[in-house]
1. Being hydrophobic (A, V, I, L, M, F, W, C) and within 27 Å of residue 211 (Cα to Cα) is the filter here; which residues of the range 59-104 pass it?
2. Run down 91, 107 and say which single residue is farther than 30 Å from residue 147 by Cβ and part of a strand (DSSP E or B).
3. What is the one condition in (1) touching a Ser or Thr at 6+ places or on another chain (Cβ under 8 Å); (2) at pLDDT 95 or above; (3) open to solvent by less than 20 Å² (accessible area, probe 1.4 Å) that residue 226 does not satisfy?
4. Looking at residue 64, is it open to solvent by 90 Å² or more (accessible area, probe 1.4 Å) and part of a loop (DSSP other than H, G, I, E, B)?
5. Give the residue that is surrounded by the fewest Cβ atoms within 10 Å (Cβ to Cβ), with candidates limited to residues of the range 229-261 that are among the aliphatic types (A, V, I, L, M) and within 20 Å of residue 63 (Cβ to Cβ).
6. Quick check: anything in the range 182-193 within 21 Å of the chain's Cα centre (by Cα), among the acidic types (Asp, Glu) and part of a helix (DSSP H, G or I)?
Amino acid sequence: MNPPRRLLSSRPITLATVLVLVLLCAAAGTASASSRGFRLTNHSDHALKLLAVQHIVPPCPGCIPLAYEMEFEGRPEEGAALKAGATHDWELEYGFGLTQGPHYAAELVYRIDGGNLGTENVVVWKIYTYTYSNESTCQLFGGDKALLAKFECKAEGLTLDFLNAGKAKDTEAAAQPQTVADFHRLPKAERRAFALHFMTTQPVDPCTGGKTPLGGEAAQDALGDVVATVKPRLTDSEGRPITGDAPVGLGIRAVLEKAGC
């Protein structure tokens with residue numbers, strides 16, 4: 001005998017309920033199909049190998065830390081080689097939200113071929129997507145200091161590069177601070193110039209939910225606070241610390257968000 005069917009409720013479904021369901025479905029569909037393409041190019045004479053792709057967990061003293069979301073619409077497989085002159089494409093998703101912080105992030109760990117036996121030498125890029133912008137940082141780690149001294153890495157938005165040290169030094173004067181710590185180490189005049197350019201060209205305005213840059217007058221009003229406050233041990237609007245290796249834009253956005261609209 002078949003079990004009895006459940007009767008549908010006779011309570012009418014309101015138009016508002018239908019609209020909410022439609023909007024939720026549409027938002028979910030958009031989020032799953034939206035990504036930004038980071039291009040990682042090996043300009044050096046050494047090969048790299050992808051060791052790991054890891055979540056980035058922002059610090060959260062006194063609470064349970066939650067990692068940023070990490071989803072890709074395209075990426076290399078772990079173990080993939082990145083030969084001299086080759087490029088890896090990373091399609092990191094992005095989302096929409098009420099805060100100006102990153103919604104998706106990933107740590108890309110590549111091993112540098114060569115080096116002393118028994119040492120592990122790596123270059124690590126961290127990539128972040130916001131609702132309307134992207135950021136990235138990079139750093140070299142390892143036990144063979146002589147090998148590491150031969151190379152440099154760069155991270156500028158969606159462009160990630162690994163270079164021989166001589167080639168990197170040719171463009172050193174044009175390099176921009178990547179991290180909060182990099183920004184804090186700049187002379188004050190350079191901090192002011194960088195912060196003013198960043199705020200007037202990047203989508204950071206808390207009054208528009210981070211959709212647009214600040215106007216010239218608003219940027220000048222915020223400039224002193226940004227220059228003095230963006231440094232390691234800065235906190236965001238919810239009191240969570242922003243570490244020195246966090247993207248400089250995250251620090252600037254945190255100061256603007258705390259100041260409010």
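The values are calculated or read from the model by the stated rules, or taken from the named source; none is laboratory data. From a predicted model like this one, the values you see are computed outputs, not experimental measurements. Every residue, glycine among them, receives a Cβ derived from its backbone with ideal geometry; neighbour counts consider all protein chains shown. Protein only, heavy atoms only, side chains kept; ligands, DNA and RNA dropped before computing areas. Shrake-Rupley method; radii C 1.70, N 1.55, O 1.52, S 1.80 Å.
1. 60, 66, 67, 70, 72, 90, 92, 96, 98
2. Just a single option satisfies the conditions, and that option is 91.
3. All conditions are met except number (1).
4. Numbers: open to solvent by 90 Å² or more (accessible area, probe 1.4 Å): yes; part of a loop (DSSP other than H, G, I, E, B): yes.
When the stated conditions are applied, residue 64 passes them.
5. Looking at the filtered set, the residue picked out is 234.
6. Scanning the range 182-193, I find at least one residue that is within 21 Å of the chain's Cα centre (by Cα), among the acidic types (Asp, Glu) and part of a helix (DSSP H, G or I), so the answer is yes.
To keep it simple, each residue is scored yes or no on (1) farther than 28 Å from residue 57 by Cα; (2) touching a residue at least 40 places away in the same chain (Cβ under 8 Å); (3) surrounded by 17 or more Cβ atoms within 10 Å (Cβ to Cβ).
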| residue | (1), (2), (3) |
| --- | --- |
| 123 | no, yes, yes |
| 135 | no, yes, yes |
| 147 | yes, no, yes |
| 155 | no, no, yes |
| 162 | no, yes, yes |
| 165 | yes, no, no |
